Amino acid sequence: MSDIHAGQHGAAGQARYMPTRAEPTGWVGWIIFAGVAMVVLGAFQLIEGLVAVFERGFYLVSTSNMIVHVNYTAWGWTHFAIGCAVVITGLGVLAGSTWARVVGIALAVISAIISLAFIPAYPVWGIIVIALDVLVIYALAVHGREMKTLQDEM
């Protein structure tokens, strides 16, 4: 198929360039950032979960001072499960999978909510995770299609 379509003329009557498919833009970097951030955040969630399960004295407050009153073992397994899901989804985002973009947005929302509930135990890290989750949601929601376009060109 020709890159110049018949009947498509510019103001001077010259044929103008019409791409046959979408081309990736500079926003692909946002998706790569989102995928890498998801893998890193997922790994940190895994570590945070293991610490909560095996080293209960590590965190600042007792579980009775948490927003949701459950023991650190439950918090630990929750963080561990989310961490595994986020790492796998982040790899899917880097591969350009559509399912990974949708699941990635959902997991980032869940991660932000859980981090908000976990803030009394680890305040600085909770705020950092929430901020990164917001950036991941933005990148996947606004520029998610760019990675698929890049994968199609390769």
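Computed values, structure above
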| quantity | calculated |
| --- | --- |
| Convex hull per residue volume in Å³, alpha carbons only, for segment 28-153 | 76 Å³ |
| Neighbour-count order for His79, His69, fewest beta carbons within 10 angstrom listed first | His69, His79 |
| Label point 7 Å beyond Cα of Ala43 along Cβ direction - residues of segment 74-104 with amide nitrogen under 20 Å | 79-96, 104 |
| Amide H contacts of Tyr59 (H built 1.01 Å from N, under 5 Å, at least 5 apart or other chain) | none |
| Two-site label geometry, Val36 and Thr73: point separation in nm, points 7 Å out along Cα→Cβ | 3.9 nm |
| Computed FRET value (nearest 0.05) for Ala131 with Cys84, which takes r as the C-beta separation and R₀ as 30 Å | 0.85 |
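Values quoted throughout were computed directly from the atomic coordinates according to the rules given, and no laboratory measurement underlies them. Keep in mind it's a predicted model, so treat the numbers as computed, not measured. Counting neighbours? That spans all protein chains shown, and the Cβs are built from the backbone with ideal geometry, glycine included.
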